[in-house]
Amino acid sequence: MNYREAMDYIEELKPLGSVMGLENMRGLCERLGNPQDQLKFIHIAGTNGKGSVLSYISTVLQTAGYKVGRYISPTVLDYRERFQVDGRMITQSGLCKYLEPVRKAAKAMAEEGADHPTLFEVETAVAFLYFLDKGCDLVVLETGLGGTLDATNVVSTTVAAVFTSISMDHMEILGDSLEQIALAKAGIIKHKCYVISAKQPPEVMKVLRQAALLRKAKFFTADVGKAKHIKSGVTKQHFSYDKYKNLEIGMLGQFQIANAVVAVETLMMLARCGFPVSEGKLREGLMQARWPGRFQVIGKKPLFIADGAHNEDASRKLAESIRYYYPDRRIIFIMGMLRDKEYDKVIRNTFELAEHIITVTPPIKERALSAYDLAQAVQEYHNSVTVADSVQEAVEIAYLLAGEDKETVIVAFGSLSYLGQLMNIVEHRDTIRRDSHGRSEQN
């Protein structure tokens, strides 16, 4: 199998969609020798913040000298970002190497009458083989959807189950109340593991605590309300938590303090499990951690920010950060949404901040909300909307509207599926601009 064949196979699996349940995943792993049973996991579930918390935890552990696997979804810039060891994504040849045995096992299952494993199940099995072969000390594992019936929940050797902010999302699958959604996610808690949760609504905390009690797991709350001396600048943020004074993070957005607190609490618990981290390495790792598409500055003249806010809770946090960092600035939005998301609530939480809104169609054909339909929804609240035929056109329109005004801020948000392309366009444009500026100075 070469890389093109690997990517073709991945495309072939996409129509299989998402199937909740562990029977097929267990069958697939068994055929591969159950590689997951020989690894130790930090398993992360939640509605928003999973990727950022994963980045903080894994970067600190890596900085402290541990070999750390990362398994994430969705990705922003490259498909291979899903599989990382010590922050480096799998090579093309590596993906082919680990995908081949999984493909053979999946084919054998289908030939014997079982359902063919879904793409996410195949990817998860690839991750287990890869991390085992690389000798990872710990794997930081992000759930795909929910927890109990998510393919990643085939693992049984969880050291710490971590919960980021839980709110309403994927209601058609996980349930239409916070309690039901929390119960779906609580399934990642394993017998006598450590449980670390962000401060949640009372009904969510009750569900998580009960699940931990049932499995004799030790429960800890990472309460951002206990963080002190918080300072949020435009390049980094400061806070103190527990015994650590004046910690620094390089990721922006007020919500990142809460994510960092979850990570710090988790790292303190890991020390009890045989994975200690010195204060110096914790500080270094927190500052080095990055996560694409989370209130990320991708351009500076004018300021251009990309954020994966695609549900009600995330859009509310995005609006709070815009108000905090850029209270008196002129704001231009680029929005792209999936039709199975609560896009109307996202619009309501953000529209009043923007002078103009540009809509785009994300590249996920079967789930994308068209730019036209999104514009129709936006016009219920805002009278200055433009439909862009492509992400490229959306970026060009945003720059034209911004003009030479240095006070303008462009904010692109919504589905992560289009943000990678947008980031590449902005980076390419900035490179050309810098090169032409350099040549004009030389002349």
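Mind checking which residues of segment 224-235 are among the hydrophobic types (A, V, I, L, M, F, W, C), within 20 Å of Lys245 (Cα to Cα) and either open to solvent by 80 Å² or more (accessible area, probe 1.4 Å) or in a loop (DSSP other than H, G, I, E, B) (or both)?
If the condition is that a residue be among the hydrophobic types (A, V, I, L, M, F, W, C), within 20 Å of Lys245 (Cα to Cα) and either open to solvent by 80 Å² or more (accessible area, probe 1.4 Å) or in a loop (DSSP other than H, G, I, E, B) (or both), then Ala227, Ile230 are the ones that fit.
Of the residues that sit in segment 212-223 and are touching a Lys or Arg at 6+ places or on another chain (Cβ under 9 Å) and outside any loop (DSSP other than H, G, I, E, B), which one is surrounded by the most Cβ atoms within 10 Å (Cβ to Cβ)?
So the first thing to find is which residues in segment 212-223 are touching a Lys or Arg at 6+ places or on another chain (Cβ under 9 Å), and the list is 212, 215-219, 221-223.
Now drop any that are not outside any loop (DSSP other than H, G, I, E, B), which leaves 212, 218-219, 221-222.
On the way: Ala212: 20, Lys218: 13, Phe219: 17, Thr221: 19, Ala222: 27.
Filtering first and then ranking leaves Ala222.
Among the listed residues Gly46, Gly87, identify the single one that is open to solvent by 20 Å² or more (accessible area, probe 1.4 Å), modelled with pLDDT under 95, in contact with a helix residue (DSSP H, G or I) (Cβ under 8 Å, 6 or more places away or on another chain) and within 30 Å of Gln254 (Cα to Cα).
Testing whether each residue is open to solvent by 20 Å² or more (accessible area, probe 1.4 Å), modelled with pLDDT under 95, in contact with a helix residue (DSSP H, G or I) (Cβ under 8 Å, 6 or more places away or on another chain) and within 30 Å of Gln254 (Cα to Cα) leaves just Gly87.
Determine if segment 53-75 includes at least one residue that is open to solvent by 10 Å² or more (accessible area, probe 1.4 Å), at pLDDT below 95 and in contact with a strand residue (DSSP E or B) (Cβ under 6 Å, 6 or more places away or on another chain).
no
For segment 406-414, state whether one or more residues are open to solvent by 40 Å² or more (accessible area, probe 1.4 Å) and outside any strand (DSSP E or B).
Looking through segment 406-414, at least one residue is open to solvent by 40 Å² or more (accessible area, probe 1.4 Å) and outside any strand (DSSP E or B).
Residue by residue through segment 238-263, note down the ones that are free of Cβ contacts under 8 Å to residues at least 60 places away in the same chain, under 20 Å from the mean Cα position of the chain (by Cα) and surrounded by 17 or more Cβ atoms within 10 Å (Cβ to Cβ).
Ile257
Yes or no: Ile196 in contact (Cβ under 8 Å) with a residue 40 or more places away in the chain and either out of contact with any Lys or Arg (no Cβ under 6 Å at 6 or more places or on another chain) or not in a strand (DSSP E or B) (or both)? Walk me through how you get there before you give the answer.
Working: in contact (Cβ under 8 Å) with a residue 40 or more places away in the chain: yes; either out of contact with any Lys or Arg (no Cβ under 6 Å at 6 or more places or on another chain) or not in a strand (DSSP E or B) (or both): yes.
Taking the combined requirement at face value, the residue satisfies it.
Mind listing whichever residues of segment 1-24 are assigned to a helix (DSSP H, G or I), of a type in the set (A, V, I, L, M) and in contact with a helix residue (DSSP H, G or I) (Cβ under 6 Å, 6 or more places away or on another chain)? Spell out the reasoning first.
The first filter runs over segment 1-24 and keeps only residues assigned to a helix (DSSP H, G or I), leaving 3-16, 23-24.
Of the ones still in play, those that are also of a type in the set (A, V, I, L, M) are 6-7, 10, 13, 16.
Selection gives Ala6, Leu13.
For the condition open to solvent by 10 Å² or more (accessible area, probe 1.4 Å) and modelled with pLDDT of 90 or more, what is the one hit in Ala114, Ala161, Ala127, Ala182?
Among Ala114, Ala161, Ala127, Ala182, only Ala114 is open to solvent by 10 Å² or more (accessible area, probe 1.4 Å) and modelled with pLDDT of 90 or more.
Any residue at all in segment 288-306 that's within 28 Å of Lys192 (Cα to Cα) and in a helix (DSSP H, G or I)?
no
Any idea how many residues of segment 10-30 are open to solvent by 80 Å² or more (accessible area, probe 1.4 Å) and more than 25 Å from Glu366 (Cα to Cα)?
3
Considering every residue within segment 81-96, establish whether at least one is in contact (Cβ under 8 Å) with a residue 60 or more places away in the chain and either under 21 Å from Gly308 (Cα atoms) or among the acidic types (Asp, Glu) (or both).
Of all residues in segment 81-96, those in contact (Cβ under 8 Å) with a residue 60 or more places away in the chain come to 92-93, 95-96.
Of the ones still in play, those that are also either under 21 Å from Gly308 (Cα atoms) or among the acidic types (Asp, Glu) (or both) are none.
No, every residue in segment 81-96 fails to be in contact (Cβ under 8 Å) with a residue 60 or more places away in the chain and either under 21 Å from Gly308 (Cα atoms) or among the acidic types (Asp, Glu) (or both).
Sort out which residues of segment 321-346 are of a type in the set (D, E, K, R) and either assigned to a strand (DSSP E or B) or within 16 Å of Arg294 (Cβ to Cβ) (or both), and write them in order of number.
Within segment 321-346, just Arg330 meets the criteria.
Quick one: count up the residues across segment 354-391 that are part of a helix (DSSP H, G or I) and surrounded by 15 or more Cβ atoms within 10 Å (Cβ to Cβ).
Counting residues in segment 354-391 that are part of a helix (DSSP H, G or I) and surrounded by 15 or more Cβ atoms within 10 Å (Cβ to Cβ) gives 7.
The values are calculated or read from the model by the stated rules, or taken from the named source; none is laboratory data. Not measured: the values here are computed from a predicted model. Here Cβ is always computed from backbone atoms with ideal geometry, including for glycine, and neighbour counts include all displayed protein chains. When the accessible area is computed, the model is the full protein with side chains, heavy atoms only, and any ligands, DNA or RNA have been set aside. Shrake-Rupley method; radii C 1.70, N 1.55, O 1.52, S 1.80 Å.
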